[in-house]
Every structure is written in structure tokens, then in C-alpha cells.
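K.L.:
Quick one: the structure is below, and I'll ask about it shortly.
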Amino acid sequence: MISRRDCEILRGSSLFDIMQKAYQAHILIPAFNVPHLPIVEPVVSALKESACFGLIEVAYADIDSFNAESFGAVKQEYRGHADRAYTRLHQDHVPVIDQDGKRLDWKRMIGEALDHGFDSVMIDGSRLSFRENVEVTRTVVEMAHLKGIPVEGELGAVLGHERGPLPPYEELFRSGKGFTDPEEAKEFVKETGLDWLSVAIGNMHGAISGAAKNRKKPRTRLNIRHLGKIVSATNVPIVLHGGSGIAKESIIAGIKNGITKINIGTSIRQAYEKGLREAQNVNAAQRLVKDQVRDLIENYFNIKESATKLAAMITDTSKLS
Ligand SMILES: [Zn+2]
């Protein structure tokens, strides 16, 4: 738990400011996906108990491939448990083109999240050409900024959602194929006006279909030198998708070098589904999720009490101005 004063400071801050401070101070903000509605409660209580600030997020894939139901249903569930001192609600991946090559009505989905009062949104135009990605992302920035809502965009190919086998990971990593290009990233940020950039630097999504979705994710790592080039070219908070199963050394170095938000989906989803399968009981499954989230916060990301640090950062700058 954090002090009453720190609670008030965080509750009164915009997510845009919190992310900006986190970026400056190298404090990680974890974002947990909700593929099953009962996941919201244990994630929020783990954040509170660890005095950690984090996001709850839901992607189109959480609704389409799992049981998140709808953006409205997640908002409803979130409202029952949330505390602005510790969490905000983010709309993760709204893909313009999904993993099967189908075009989606991205404008409607973004509009839906904005109407439901989400605190931030993400548009994923990474399967488009660079020019089209710029156009679509810029449109979303216009829509969201009208309401004062920050936007995450994506450049580069974060693989893993596609059906069928992927090329061997080591081969992908060594070749740097699909990695976000720093020069393109610079232009992308400038032309779209986005707030946070999701990049590909060795990270991979967990599978969402077939037998692979129940298997342990392959271990991945990050090219920190490449990350450094993207950060110097863009100077915006960097987002890392596919946060489950990345080597801990890579995560720690990534946070030191500009990664501000990490998405975690697969490991908590699998904990929840395992609980349901083995105990046939939602409460037991929720307990596994809570343990998993606390373990990630305290032993993997090492961000216990980040809420206190963020509140101190925010007071510091308000004293200066
Ligand atoms: Zn993602």
C-alpha cells in the first residue's frame, strides 16, 4: 500500500504524464491482458499489494480468440475493481489487418473504447505498408487526442499470432528480420504524433491458436543495441509486446534503455486456464493469476513499490514548475 498523499497524486495524474515520468525515470509499467474477465480482479489486487502501478488491457484477440466478450464487458468488470492510484485501462492491439489477413473495422473499435472511457488506445497498422500505417495511426491520434487520450502505435513485425510454424527463433534474432527500423521509427513518430511506440527487437507474441497456445512459450531475448538506436531516434516511451518468456537479463537491460511498458498475456492466461482445468474453480484460478502477477512484479521485473516512486517523480516536477 502507498501513502494517502501518493494515492491522491496518482489518482489526479493523467496516464500520459505517468508514462512520461516512468520513461524519464526508467520505471517499468507492466500491462496485463484480459482474455478471461475474472483475470481483472486478481491483477488489480496484486498491483495494490505490491504497491505497483500497472495497466489492465484488452486486445481484439482477447475478445475474438478468448473470452473477454467485448471492450464494454471489460470496462464493466474493470470499473468494479479498479483504483486510479494503481491502474488504468488500455485498449491493446486493434489490428487493421488480423493474423489471417482479414481487414477489420478498426475505426469502430477505437471509437468504442473511446466511448467507454478507456484511458489509452492502441492501433496496430504494422501489417500495412509504412505509408498506410502512418495514415491510419495519424487518424487514430486525431480521434484520441480530441479526448486527451494517449495512443500507442506499432512499427515492425512482432510475430507469434500467426497460425502455423515460425522460422527458428535464433535465425530470426540473428538476421534482425522484421525488427523496427530506427530511421523509419523516427519518421513514424514525427508524422503520426503518437505517444508510445511498440517495437520489434527480438520479442515475440504468445500463440493464440492451435495446440501452441497451451504450450510454454519459446524463450526469447532482446537486441539492446538496436533498442538504443530506436530510443535515440524517437525519444518516446517504448512498448514491448510479448512480455512472457523473455530472458530476465534482457528485460532488466531493456528497462534501463527505454522500455516503459511491457505487455504480459500468455503467462497469466495459462495460469488462469490451468487453475480452471485442474481445480474446476474460478477462485482457485484467480489465486494462481495473483501469485503469478506478484511473482512477475517482485522477482522478475523488480518493480515493487513503483507507485511510490512515480508519485515522487510527479511531485518533483510540479515543485519545479
Ligand atoms: Zn502485442
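Please treat every number below as a calculation from the coordinates, not as lab data. It should be emphasised that the depicted structure is a prediction, and the values quoted were computed from it without experimental measurement. Heads up, the Cβs are rebuilt from the backbone with ideal geometry, glycines too, and the neighbour counts pull from every protein chain shown.
K.L.:
Pairs of alpha-carbon atoms within less than 8 angstrom and 6+ residues apart define the contacts here; what relative contact order does the chain have, in percent?
P.N.:
Value for the chain: 23 percent.
K.L.:
Where Lys and Arg each count +1 and Asp and Glu each count -1, what net charge lies around Asn235 among other residues with Cβ under 13 Å from its Cβ?
P.N.:
+2
K.L.:
Compare His241, His93, His226 in a GNM of the chain, Cα atoms joined below 10 Å, and give the one with the largest fluctuation.
P.N.:
Result: His226 has the largest fluctuation of those listed.
K.L.:
At q = 0.08 Å⁻¹, what is the log10 ratio I(q)/I(0) for the chain, with the Debye formula run over Cα points and no solvent?
P.N.:
Debye output, listed in q order: -0.32.
K.L.:
Please build a GNM for the chain, connecting alpha carbons under 10 Å apart, and tell me which residue among Leu222, Leu15, Leu172 fluctuates the most.
P.N.:
Largest GNM mean-square fluctuation: Leu172.
K.L.:
For the stretch 274-321, which GluC sites (Glu not before Pro) are both in a DSSP coil and crowded by at most 16 other Cβ atoms within 10 Å? Before the final figure, lay out the partial values.
P.N.:
Values: sites: Glu278, Glu298, Glu305; in loops: Glu305.
Qualifying residues, ordered by number: Glu305.
K.L.:
So which of Lys21/Lys190; Lys75/Lys177; Lys21/Lys177; Lys274/Lys309; Lys190/Lys217; Lys177/Lys304 end up more than 29 Å apart by C-alpha? The partial results should precede the final answer.
P.N.:
Details: Lys21/Lys190 20 Å; Lys75/Lys177 37 Å; Lys21/Lys177 32 Å; Lys274/Lys309 34 Å; Lys190/Lys217 34 Å; Lys177/Lys304 35 Å.
Lys75/Lys177; Lys21/Lys177; Lys274/Lys309; Lys190/Lys217; Lys177/Lys304, as the Cα separations exceed 29 Å there.
K.L.:
While we're on this one: Given the rule -39500 (n - 2.57) for each run of at least 4 DSSP H residues, summed and divided by the residues of the chain, what is its mean residue ellipticity at 222 nm, to the nearest 500 deg cm²/dmol?
P.N.:
About -14000 deg cm²/dmol.
K.L.:
Dipole magnitude of the stretch 4-320 about its Cα centre, charges +1 at Lys/Arg Cβ and -1 at Asp/Glu Cβ only, in debye to the nearest 20? Don't skip to the answer; put the middle values down first.
P.N.:
Numbers: 42 positive and 41 negative charges, 151 e Å.
Value, rounded to 20: 720 debye.
K.L.:
Give me the one-decimal nm value for the distance between modelled label points at Met1 and Asp83, 7 Å along each residue's Cα-to-Cβ direction.
P.N.:
Calculated label separation equals 0.8 nm.
K.L.:
Of Gln292, Gln280, Gln270, which is the most mobile in a GNM of the chain whose springs link Cα atoms less than 10 angstrom apart?
P.N.:
Result: Gln280 has the largest fluctuation of those listed.
K.L.:
Check the straight Cα-Cα distances from Lys147 and name the aspartates and glutamates below 16 Å, setting aside those fewer than 8 residues away within the same chain.
P.N.:
Asp17, Glu112, Asp115, Asp119, Asp195
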